[in-house]
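Only one structure is covered here, and it is reproduced in the block below.
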């Protein structure tokens, strides 16, 4: 039993394992080649399978540990950045609040009705 890992899979590729050598020149002209790694799993003895399993689990555990450390560190750095921005803009926020309070002091709340009176103007003829 063989497991194949394709490292590159463009849309139109030439796969040497599918195209026979007589047709390879015509069918593969101008197309990128696929890089493949073939792993023969049936030729591994039990010790090699145990070592491969342990290495895979160790890689998985290291990946989980890395993400468990990386995600909180990124979140902490983001929170520090937001706090720094909030601290540095406090004077600007205070100035904007002062301007808003001064502007609100000049406003008189109420209702108004516009009444237009129309007068008929007649021209007097001499």
Cα-projected label distance for residue 58 with residue 79, points at 7 Å along beta-carbon direction, nm: 3.5
Estimated distance in nm for a label pair at residue 68 and residue 118, the labels positioned 7 Å out from Cα along Cα-to-Cβ: 8.4
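Fully extended, how many nm does the chain gain between residue 111 and residue 95 (0.36 nm per residue separation, minus their Cα-Cα distance)?
Working: separation 16, 0.36 × 16 = 5.76 nm, distance 3.07 nm.
Here the segment from residue 111 to residue 95 would lengthen by 2.7 nm.
How much of the pair distance distribution for the stretch 64-126 lies past 17 Å, counting alpha-carbon pairs only, in percent? Before the final figure, lay out each step's value.
Values: 1439 of 1953 pairs.
So the pairs more than 17 Å apart make up 74 percent of the total in the stretch 64-126.
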Per-residue Cβ neighbour rank within 10 angstrom, fewest leading, 124, 44, 62: 124, 62, 44
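Values in this text are rule-based calculations from the coordinates and carry no lab data. The shown structure was predicted, so the numbers you read here are calculated from the model rather than taken from an experiment. Methodologically, a virtual Cβ is constructed for each residue, glycine included, from the backbone with ideal geometry; neighbour enumeration extends over all protein chains shown.
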